[in-house]
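Worksheet: one structure, shown below.
The values are calculated or read from the model by the stated rules, or taken from the named source; none is laboratory data. In this text the structure is predicted, and so the values were computed from the model without any measurement. Here the Cβ positions follow ideal geometry from the backbone for every residue, glycine too, while neighbour counts run over all protein chains shown. Side chains included, ligands, DNA and RNA excluded: accessible areas come from the protein's heavy atoms. Shrake-Rupley method; radii C 1.70, N 1.55, O 1.52, S 1.80 Å.
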Amino acid sequence: MSWLSKLFSKLFAKWLPNESSSWQWFYRLGSPKWFYRRSGQWLPWLSLAALLVLATGLVWGLAFAPEDAKQGNSFRIIYIHVPAAFLAQSGYFIMAIAGAIGLIWKMKISYMVMKAAAPIGAVLTFVALFTGAVWGKPTWGAYWVWDARITSMLILLFLYAGVMALQYAYHSIDAASKASAILALVGTVNIPIINKSVDWWYTLHQPATIKLTSAPSMHMDMFMPLLVMIVGFYLFYGVALILHTRNEILRRERKTSWVRELVNAKAGL
Amino acid sequence: MYFENFAALINMDGHGVYVWASVAVTLATMLWLVIAPLYKQRALLNEVSRDMQRQQDRELAAKTNPSAPSSSENTEESN
Amino acid sequence: MLSSAPRKMNSGFVAWLRRDLLLAYRRRGEVASPVVFFLMVSTLIPLGLTPEAAQLEKVAAGMIWIMALLATLLSVDGLFASDYHDGSLEQMLITPQLLPLPILGKVTAHWLTTGLPLTLVSPLLGLMLSLPIDGYLPLLCSLALGSACLSLVGAVGAALTVSLRKGGLLLSLLVMPLYMPVIIFGTATVNAAVDGLNWLPPLAILGALFAASVALCPLAAAGALRVTASN
């Protein structure tokens with residue numbers, strides 16, 4: 001693993017302190033103060049990149065991509081539905097991984113990332129459900145159909161709701177973080193099982209209607225904007241996650257001297 | 001552009017309502033995900049600065065009026 | 001020391017199993033309530049849906065499974081609660097035994113006092129909801145396996161919410177999504193048999209879910225208890 005850490009420290013040498021020979025950068029990342037400072041520097045660039053990529057993908061997908069032979073123009077909802085669903089799923093894994101890092105290395109910042117990731121993921125899941133329902137109307141003639149993918153998304157929303165509810169149920173930050181990290185890990189083990197069983201259940205009950213998304217058979221002109229949108233959503237997710245994490249840092253570290261210095265510096269300007 | 005004119009892009013052969021409604025809701029929620037934490041951050045920073053102000057006031061009051069019972073320094077001294 | 005270790009580990013499981021069964025025997029009324037709930041809700045179904053046998057038999061399997069799930073949820077809330085309040089949970093946490101074993105003992109006792117009775121009365125419900133005759137054996141098998149899964153997964157939720165005052169509602173929120181695969185394969189087992197298909201494959205998957213839960217849930221519950229019980 002040391003070659004990996006060396007690679008990382010070479011790649012990010014610019015942002016890392018000089019003495020970071022091995023995994024020190026990893027621990028440095030765990031310092032809320034360090035993270036707050038650095039993320040403030042990353043944010044403008046990341047936001048700009050997210051904005052540009054999203055704008056490009058949206059205009060490309062909505063105005064320039066050809067329409068689908070079967071579904072007509074309503075298929076263009078794919079350019080927001082699929083990236084949102086994609087991020088909703090990866091968001092849960094990101095949350096669980098952050099929780100696991102917190103449990104294993106007892107890193108404060110990763111619990112904060114985990115807490116920040118939950119509402120963002122839930123909102124993206126809602127977006128995926130909403131766009132899926134709106135897409136369903138012209139395609140199936142109904143806003144809600146118990147389609148496998150939509151059902152899985154709904155269950156994912158419940159899983160997010162559980163993690164958030166547990167997070168708010170405890171007064172002690174430590175208990176809230178650890179308990180919801182464990183729940184997120186249990187959920188991660190379950191998500192593939194849930195998705196597979198819902199898929200199986202769907203094939204049992206419903207003959208295959210029009211599948212909303214069939215990415216591999218998509219034409220390149222349709223697929224490229226989708227890819228751009230997915231990248232854009234990832235960048236956007238990064239921006240949102242950093243913003244929410246920074247707030248969590250401020251909330252938990254408001255008594256520390258570095259936050260006070262920060263406020264003083266702001267007031268001095 | 002795939003469509004012949006701007007009106008066709010809005011209409012999308014009758015599917016425009018669905019597509020644009022989804023886009024509008026998605027963009028609005030995404031915007032909210034970014035703007036809400038920015039507001040929250042300002043509120044948090046204000047809260048910290050208010051806290052500091054209050055502490056400063058207390059310390060100042062303790063200096064000008066050493067017999068004031070509310071100061072923590074005083075209680076330490078009396079102990 | 002080493003030679004006595006396996007016996008000790010085993011005794012953690014057996015001791016807690018025996019203790020919880022004894023406690024359950026002393027509070028027979030409490031133990032009966034999930035079963036009574038199970039029976040009562042089944043009278044609501046003909047009242048709420050339809051008394052027609054032809055329609056009831058279509059929904060019978062699913063309804064029995066959903067009621068079994070709700071009955072388990074109602075009872076799993078108390079799995080660690082009384083131990084937490086009287087301090088014996090603290091004792092369990094500081095024993096030198098592997099924590100998952102006492103937990104597995106408690107869950108086994110829970111299944112013996114809720115899952116198993118529910119399974120045993122389910123043919124009666126099947127009769128009341130005019131379940132076709134082919135469905136009874138699969139119903140018994142799937143409920144026996146599935147309710148064990150429900151108890152095991154419920155234990156994780158109970159461990160996560162043990163120190164919260166309004167833990168019961170939160171517990172159902174946390175655990176319900178995790179129950180979905182069990183419901184899907186449980187009803188599929190019965191429905192496959194009713195439709196004259198091979199009902200062993202869904203039952204086998206239910207068995208796989210059970211095996212996975214036996215291995216993982218006590219571990220997760222142990223981790224959760226260490227976090228929550230001290231707060």
Output the 0 to 90 degree angle, nearest 10, between the alpha-carbon long axis of helix C:28-48 and the longest principal axis computed from the alpha carbons of chain C.
30 degrees
If the only charges are +1 at each Lys and Arg Cβ and -1 at each Asp and Glu Cβ, what is the size of the charge dipole of the range C:5-228 around the Cα centre, to the nearest 20 debye?
740 debye
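Of all the accessible heavy-atom surface of the range C:5-228, with the other protein chains kept in place and a 1.4 Å probe, what percent is carbon and sulfur? Working shown, then result.
Values: 6890 of 9870 Å².
Here it works out to 70 percent.
Does the range A:122-205 classify as rounded, prolate or oblate by the C-alpha gyration tensor (a ≥ b ≥ c root eigenvalues; a/c under 1.5 gives rounded; else a/b over b/c gives prolate, otherwise oblate)?
Numbers: a/c = 4.34, a/b = 1.89, b/c = 2.29.
Oblate is the answer for the range A:122-205, as a/c is 1.5 or above yet b/c matches or exceeds a/b.
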What spacing in nm lies between the two simple spin-label points modelled at B:Leu60 and B:Leu31, each 7 Å away from Cα in the Cβ direction?
4.2 nm
At q = 0.08, 0.12, 0.13 Å⁻¹, what is the log10 ratio I(q)/I(0) for the protein assembly as shown, with the Debye formula run over Cα points and no solvent?
-0.71, -1.26, -1.34
Under the Debye formula (equal points on every Cα, no solvent term), log10 I(q)/I(0) of chain C at q = 0.09, 0.16 Å⁻¹:
-0.39, -1.07
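With r defined as the distance between the Cβ atoms of A:Ser31 and C:Leu219 and R0 fixed at 35 Å, what FRET efficiency is calculated, to the nearest 0.05?
Numbers: r = 31 Å, r/R0 = 0.89.
It comes out at approximately 0.65.
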If you take the charge dipole of the protein assembly as shown about its Cα centre, with +1 on Lys and Arg Cβ and -1 on Asp and Glu Cβ, which of A:Ile242, B:Val25, A:Ser74 is farthest toward its positive end?
A:Ile242
Treat every Asp and Glu Cβ in the protein assembly as shown as -1 and every Lys and Arg Cβ as +1, leave all other atoms uncharged, and give the resulting dipole magnitude about the Cα centre to the nearest 20 debye.
1600 debye
Could you let me know the centre-to-centre spacing of the range C:17-44 and the range A:96-123, using Cα atoms, in angstrom?
39 Å
Would you mind giving the mean number of other chain beta-carbons within 10 Å of the Cβ of each residue in C:153-165, as a whole number?
3
Per residue, in Å², the accessible surface of the protein assembly as shown once ligands and nucleic acids are set aside, probe 1.4 Å:
49 Å²
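With Cβ to Cβ distances under 15 Å as the rule, what net charge do the other residues near A:Ala240 carry (K, R +1; D, E -1)?
On the way: positive: A:Lys115, A:Arg246, B:Lys40; negative: A:Glu248.
For residues surrounding A:Ala240, the net value is +2.
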Note down the nm distance, to one decimal, between modelled labels 7 Å out along Cα→Cβ at C:Leu120 and at A:Ile173.
5.2 nm
Modelling each spin label as a point 7 Å along the Cα-to-Cβ direction, I'd like the B:Ala7/A:Leu51 distance in nm, to one decimal.
3.4 nm
So what's the angle, to the nearest 10 degrees on a 0 to 90 scale, between helix C:116-128 and the longest Cα principal axis of chain C?
10 degrees
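Based on the alpha-carbon gyration tensor of the range C:101-186 and its eigenvalue square roots a ≥ b ≥ c, which shape applies: rounded if a/c is under 1.5, prolate if not and a/b is larger than b/c, or oblate? Could the numbers behind the result be given before it?
Details: a/c = 2.40, a/b = 1.89, b/c = 1.27.
Here the range C:101-186 falls in the prolate category.
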To test your reading of the geometry: what angle, between 0 and 90 degrees and rounded to tens, separates the Cα axis of helix C:136-160 from the longest principal axis of chain C?
40 degrees
